[in-house]
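Take a look at the structure set out below.
The values are calculated or read from the model by the stated rules, or taken from the named source; none is laboratory data. Fair warning: this is a prediction, and the values are worked out from it, not measured in the lab. Cβ: placed from backbone, ideal geometry, glycine included. Neighbour counts: every protein chain shown. These area figures cover heavy atoms from the full protein model, side chains too; ligands, DNA and RNA do not enter into them. Shrake-Rupley method; radii C 1.70, N 1.55, O 1.52, S 1.80 Å.
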Amino acid sequence: MNRDWSELSPILWESVRETLYIVGVTVGVGGALGLVLGVLLYATRRGNLLQNVVVFTVLNVAVNVVRPIPFIIFITAVGPVTLAVVGTTIGNDAVIFAMAIMATFVTARIVEQNLVATDPGVIEAARAMGASRLRILVTVLVPEALAPLILGYTFLLIGIVDMSALAGYVGGGGLGNFAIVYGYQRFNWEVTLVTVLVIIGMVQLAQLLGNWLARKALHR
């Protein structure tokens, strides 16, 4: 039997707010750290601006190890680290910590792959003009790959929304927890359907915004 939506609506909107908070912080932290890591991956490749086989190998192995781990397993595997840093392994802060780590490594690979596709001629032209390696990375390479990077970050954002749905399994809030507690556990399929529709709406908005920003970047 369905519960009264006058009761559930405030809980739903609070869950939306929690999801936006979890996703926003994760994208901000993981996206920024992943950008740095991805640029380092690209720059330390053989023949690139900061060629360093040891650094590249360590970073590449780290990304390859972390990235394929299913998030529900990863969040439990980093439990001791989460406890040491956050002070707890349950709740939104613990979820954000684990999600930010995962997002960092995922973002790093996305950034690296998009930078590798950049026209080498642009880099050579900047070097011929006497630009420093750091300046080339920051003011030439990243802006040149901006449009595909925006699409990559859009893909990341959608993936993080997916990850946030698992927060309920470790005591976190958000739409995933709402669907589990008020939908699945109470056999209330209407709640589950509404939650799915809200998540689909969020993802569609994110994709539309990402596509629009990418088009702007291409025509700048």
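Worth a mention:
- When the trypsin sites (Lys or Arg not before Pro) in region 90-150 are filtered for DSSP coil states and for at most 14 other beta-carbon atoms within 10 Å of their beta-carbon, no site remains.
- Of Trp212, Trp13, the residue with the largest accessible area leads and the full order is Trp13, Trp212 (1.4 Å probe).
- Within the assembled protein chains, the solvent-accessible surface assigned to Val106 is about 40 Å², based on a 1.4 Å probe.
- Using a probe of 1.4 Å, the accessible surface attributed to Glu7 totals some 100 Å² when neighbouring protein chains are kept in position.
- Pairwise Cα inverse-distance average, inverted: Kirkwood Rh of region 7-217 (Å): 18.6 Å
- Gap separating the Cα centres of region 167-220 and region 80-111, nearest whole Å: 20 Å
- Helices of the chain meeting both criteria, an alpha-carbon length of 15 angstrom or more along the long axis and an average Kyte-Doolittle score not below 1.0, with helices taken as full DSSP H segments, are 5-43, 53-66, 92-116, 146-164, 189-218.
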